[in-house]
1. Can you work out which of the residues in segment 20-61 that are small (Gly, Ala, Ser) and within 12 Å of Phe97 (Cα to Cα) is modelled with the highest pLDDT?
2. If you go through segment 27-52 one residue at a time, how many are surrounded by 13 or more Cβ atoms within 10 Å (Cβ to Cβ), farther than 17 Å from Arg69 by Cβ and of a type outside the set (Val, Ile, Thr)?
3. All but one of (1) in contact (Cβ under 8 Å) with a residue 60 or more places away in the chain; (2) surrounded by fewer than 16 Cβ atoms within 10 Å (Cβ to Cβ) hold for Lys18, so report the exception by its number.
4. Report yes if some residue within segment 57-65 is of a type outside the set (Ser, Thr, Tyr), touching a residue at least 60 places away in the same chain (Cβ under 8 Å) and surrounded by 12 or more Cβ atoms within 10 Å (Cβ to Cβ); otherwise report no.
5. Any chance you could count how many residues in segment 24-69 are of a type in the set (Gly, Ala, Ser) and either in a strand (DSSP E or B) or within 13 Å of the chain's Cα centre (by Cα) (or both)?
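The values are calculated or read from the model by the stated rules, or taken from the named source; none is laboratory data. The shown structure was predicted, so the numbers you read here are calculated from the model rather than taken from an experiment. Cβ coordinates were reconstructed from backbone atoms using ideal geometry, including for glycine residues, and neighbour counts include every protein chain displayed.
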Amino acid sequence: MTDTQNYGAHPQVVNIEKDTLENPNFRTTRWTGSNIQVTLMTIPTGGDIGREMHENSDQFLRLEQDKGRVQMGPGSDGAGFRWGRVQMRPAEDQGDFDKEVGSDRSAICAANAKIPTA
């Protein structure tokens with residue numbers, strides 16, 4: 001992936017699987033609109049994305065390479081998560097992804113969708 005520019009709210013078509021697998025950075029924001037943001041992540045073995053909660057946005061995570069452990073909700077001890085699987089998490093739900101064994105890294109595509117306010 002040679003182009004790591006965030007194109008803001010301009011329409012864009014990309015090969016998201018290819019971009020995710022070729023992303024050299026821990027986090028690369030690929031596209032930010034008014035209601036959604038797409039971030040690509042590369043997690044090294046033994047690493048994690050960090051326990052986080054998005055108060056005003058639902059989250060979609062797709063693992064494009066390898067496997068790890070996904071945690072959802074407070075106090076979760078995690079569940080297996082492997083290539084091709086998707087995690088969908090509502091706003092205000094805590095979560096994390098831990099990279100376990102396997103290849104030297106995991107590649108994740110994440111999208112956060114802003115919840116409309118009344």
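1. Taking segment 20-61 as the starting set, the residues that turn out to be small (Gly, Ala, Ser) are 33-34, 46-47, 50, 57.
Now drop any that are not within 12 Å of Phe97 (Cα to Cα), which leaves 46-47, 50.
Numbers: Gly46: 77, Gly47: 80, Gly50: 75.
Looking at residues that are small (Gly, Ala, Ser) and within 12 Å of Phe97 (Cα to Cα), I get Gly47.
2. Here the count works out to 6.
3. The failed condition is (1).
4. So in segment 57-65, the residues of a type outside the set (Ser, Thr, Tyr) come out as 58-65.
Applying the additional criterion that residues be touching a residue at least 60 places away in the same chain (Cβ under 8 Å) yields none.
No - not one qualifying residue is present in segment 57-65.
5. Let us first name the residues in segment 24-69 that are of a type in the set (Gly, Ala, Ser), namely 33-34, 46-47, 50, 57, 68.
With the extra rule that they be either in a strand (DSSP E or B) or within 13 Å of the chain's Cα centre (by Cα) (or both), the set shrinks to 50, 57, 68.
The qualifying residues number 3.
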